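J.: Can you read through this structure? Questions will come right after.
The values are calculated or read from the model by the stated rules, or taken from the named source; none is laboratory data. It should be emphasised that the depicted structure is a prediction, and the values quoted were computed from it without experimental measurement. Using ideal geometry, Cβ is built from the backbone for each residue, glycine included, and neighbour counts are taken over all protein chains shown. Remember, those area values only see protein heavy atoms, side chains included, never the ligands or the DNA or RNA. Shrake-Rupley method; radii C 1.70, N 1.55, O 1.52, S 1.80 Å.
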Amino acid sequence: MTSKGLDSESFELLLAAVQRFIRERLVPAENDVEEHDEVPAALVDEMKEMGLFGLSIPEEFGGIGLSMVQEVRVAYEFGQTSLAFRSVFGTNVGIGSQGILMDGTDAQKRDLLPRVASGELIMSFALTEPDVGSDAAALKTRAVRDGDVYVLDGVKRFITNAPRAGAFTLMARTGGDGAGGISAFIVPADTPGLSLGKPDKKMGQRGTKTCDVVLQGARVPASNIIGGEAGKGFKTAMKVLDRGRLHVAALACGMAQRILDESVAYARERKQFGERIGDFQLVQAMLADSQAELYAGWSMVQDCAVRYDAKPVGKRDADVSTRASCAKLFCTEMVGRVADRGVQVHGGAGYINEYKVERFYRDVRLLRLYEGTTQIQQLIIGRALMQED
Ligand SMILES: Cc1cc2nc3c(=O)[nH]c(=O)nc-3n(C[C@H](O)[C@H](O)[C@H](O)COP(=O)(O)OP(=O)(O)OC[C@H]3O[C@@H](n4cnc5c(N)ncnc54)[C@H](O)[C@@H]3O)c2cc1C
């Protein structure tokens, strides 16, 4: 079965509602989020009412069931405002829930997905550890079987939405070394022996929440292994990340659009030497490079999303995975360049907190780091090219 998504008329209505919500409710709240490092609860409630937590979850489990082509369009819109807003529901739509949807048992899906889709249950994805980031297959968190339960010990680092989460999709080692020894667990946040570290103080994206998740003798039923079978967790994590990379690439394009819009508006208004700075060809060159690169990136995302939807649901396709890495690599690097030019177009004002580009410049830096760094995307693409049939 391939992914069809919402019928086009309903999708266009949803997209229009999302655009209105972002324009009328989120953009005006950006400064408030930056100042207080928190997304207001009233806005989170509105997100729940709009069904945003269930964008990617099929209708049979209470979600909206967007295709990837549709999801990237929504991500593009959410990229055009502070990334903290999308982060509130981002893990439910992506890395927190997709493992269950792709590889979970029917009972796990029925139990969890409706609550994930409504936003009642926030799910986080816990793979990274203090000593294990890019080399995720080397993770150290141990899960030792004791009758019907597994006992978990270890530390997970930089976990997005951990302070808000009701449960974690958490990777731990049930077997020997390497990827084959890893299992994906559903770990409720109120499990005795699970505690949270102090919130991380980040460079940007204020309003997003990350912290350590510490496991000390945390007992989790064996039936909480995603799919019910040990040793499959790494494959699940990689499938989840393929999809997540495409979503992040779309987000990067949306943010590039917003930075470009801010830059064009400034270039039309600001005057030097008696002329609008946007009439100087050197300033136009910066804007033109950003426009061209944005167009290239967004074309990649849309093309890859079509291919993603054409493959069987829940199955990994090597060609699509490589293309998702290409999109993530190009778009997240691209938005970094666009943000840099955005600051340049604003001159000194671009370095001052009052102007949005200063904040976006810091916010987009993360996109090149998480869900696989730029270097890891290069390795994935390079390895695929060197593979002989
Ligand atoms: C704000 C934030 C939110 C996050 N959210 C989550 C989350 O929700 N869940 C989660 O599990 N993780 C999360 N992460 C973790 C993130 O995915 C990792 O930080 C990332 O994968 C990189 O791992 P690392 O930080 O350990 O860096 P390292 O792996 O230590 O990398 C350091 C540098 O070395 C490079 N490098 C590493 N290996 C190679 C190699 N073989 N060849 C060439 N270069 C290499 C890297 O590209 C990088 O430049 C988050 C991180 C941040 C900062």
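J.: Which whole-number percent is the relative contact order of the stretch 131-273 (Cα, under 8 Å, 6+ apart)?
T.: In percent, rounded to a whole number, it is 25.
J.: Return the sequence-ordered ³J(HN,Hα) values of the stretch 83-98 in whole Hz as given by the Karplus equation 6.51 cos²θ - 1.76 cosθ + 1.60 applied to θ = phi - 60°, using x for Gly and Pro.
T.: With the stated coefficients, the stretch 83-98 comes to 5, 4, 5, 5, 5, 4, 10, x, 6, 5, 6, x, 4, x, 9, 5 Hz.
J.: From the helices alone, meaning DSSP H stretches of at least four residues, give me the mean residue ellipticity at 222 nm for the chain, per-run term -39500 (n - 2.57), in deg cm²/dmol to the nearest 500.
T.: Helix-only estimate at 222 nm: -16000 deg cm²/dmol.
J.: Still on this model: For a quick check, take a GNM of the chain with Cα springs below 10 Å and name the residue from Glu38, Glu12, Glu293 with the largest mean-square fluctuation.
T.: Of the options given, Glu12 has the highest mean-square fluctuation.
J.: Another question, then. Which links in Lys209/Lys235; Lys140/Lys198; Lys140/Lys202; Lys109/Lys202; Lys209/Lys315 stretch past 29 Å when you go from one Cα to the other?
T.: Table pairs above 29 Å Cα-Cα are Lys109/Lys202; Lys209/Lys315.
J.: Roughly what percent of Cα-Cα pairs across the stretch 234-386 reach past 28 Å?
T.: 28
J.: OK, next. How do the peptides 272-285, 307-320, 247-260 rank, highest first, by the average count of neighbouring beta carbon atoms within 10 Å per residue?
T.: Packing order, densest peptide first, comes out as 247-260, 307-320, 272-285.
J.: Here is a further query. Given Cβ point charges of +1 (Lys, Arg) and -1 (Asp, Glu) and nothing else, what value in debye, to the nearest 20, does the dipole of the stretch 234-386 about its Cα centre take?
T.: That gives the stretch 234-386 a dipole magnitude of about 620 debye.
J.: How much accessible area per residue does the chain have, in Å², with a 1.4 Å probe?
T.: 45
J.: Which of Arg337, Arg164, Arg20 moves most in a GNM of the chain, Cα contacts under 10 Å?
T.: Arg20
J.: Now for a separate question. Magnitude of the Cβ-charge dipole of the chain, K/R +1 and D/E -1, about the Cα centre, nearest 20 debye?
T.: It comes to approximately 580 debye.
J.: Give, in nm to one decimal, the length gained when the segment between Ala42 and Asp7 is fully stretched (0.36 nm per residue of separation minus the Cα-Cα distance).
T.: This chain segment gains 9.6 nm when fully extended.
J.: Pop out the carbon and sulfur fraction of the accessible area of the chain as a percent, whole number, probe 1.4 Å.
T.: 52
J.: Work through the residues other than Arg115 whose Cβ is under 13 Å from its Cβ and net out their charges, Lys, Arg +1 and Asp, Glu -1.
T.: Combined, the nearby Lys, Arg, Asp and Glu give +1.
J.: If I stretch the segment between Asp148 and Asp319 completely, what's the gain in nm (0.36 nm per residue apart, minus their alpha carbon distance), one decimal?
T.: 57.6 nm
J.: I would also like to ask the following. Normalising by the residue count of the stretch 234-386, find the relative contact order in percent from Cα pairs under 8 Å and 6+ residues apart.
T.: About 32 percent, as a whole number.
J.: Given +1 on the Cβ of Lys and Arg, -1 on the Cβ of Asp and Glu, and no further charges, what dipole in debye does the stretch 123-231 carry about its Cα centre, rounded to the nearest 20?
T.: 520
J.: Would you work out which of Val306, Ile376, Ile352 lies farthest towards the positive end of the dipole of the stretch 277-389, given +1 charges on the beta-carbon of Lys and Arg and -1 on that of Asp and Glu, about the Cα centre?
T.: Highest projection toward the positive end goes to Ile376.
J.: Okay, next question. Work out the FRET efficiency for Gln344 and Lys201 from their Cβ-Cβ distance, taking R0 = 35 Å, and round it to the nearest 0.05.
T.: Taking R0 as 35 Å, the efficiency between Gln344 and Lys201 is 0.80.
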